[in-house]
Amino acid sequence: MSESRDAIATLIYSYAEMLDLGDFAGVARLFEHATYRTEGRRPHQGADEVRQVLEQMVAVYDGRPHTKHVTTNVIIEVDESNDSGSARSYFTVFQAVDSFSLQPVIAGRYHDRFLRVGRTWRFSDRLIFVDLVGDLRHHLRRTL
């Protein structure tokens, strides 16, 4: 895998890791110069809006949402000459809390766009498609 593809993959996987840790500020920093949106919903622009929506939407237990975001089927395309890239991937979110046994709660797809500024890759847009919805009552404070 090329250096650019590795950097883009790291962004994709870092999002899942930080979200599962309840590090909403860290997730938000990934979108400092980006749009974060779910199909059919109002887009969120920049770190402050992304952090605010995550804090309002995602339920946490002792600081963490008790989830595992599993990202698979990652297809990355890079246009080195234009310092841009894109990726498509699948996600499945598993969750378990004291009164809720481990199970998948939602699955879908990410369509991402990236820009390279200097030597650093960053998100420019994330579009989330929700394909399958399970029991979200322990994961989200409000519905999608």
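Brief remarks follow.
- Spin-label pair Glu3/Asp62, simplified geometry with 7 Å Cα→Cβ offset, distance in nm: 4.2 nm
- Estimated from helices alone, the mean residue ellipticity of the chain at 222 nm is -8500 deg cm²/dmol (sum of -39500 (n - 2.57) over DSSP H runs with n ≥ 4, per residue).
- Reported label for calculated mean projected area of the Cα convex hull in nm² given (1) 8.4; (2) 9.5; (3) 8.9: (1)
- 0 to 90° range, to nearest 10: angle between helix 46-57 axis and the chain longest Cα axis: 20 degrees
- Gained length - Asn73 relative to Asp23, 0.36 nm times residue gap less alpha-carbon distance: 15.6 nm
- Comparing Cα centroids, the range 65-110 and the range 6-47 end up 11 angstrom apart.
Each reported figure results from applying straightforward, stated rules to the coordinates on display, with no laboratory input. This one's a predicted model, so the numbers in the text were calculated from it and none came from an experiment. All Cβ positions, even for glycine, are placed from backbone atoms using ideal geometry, and neighbour counts span all protein chains on display.
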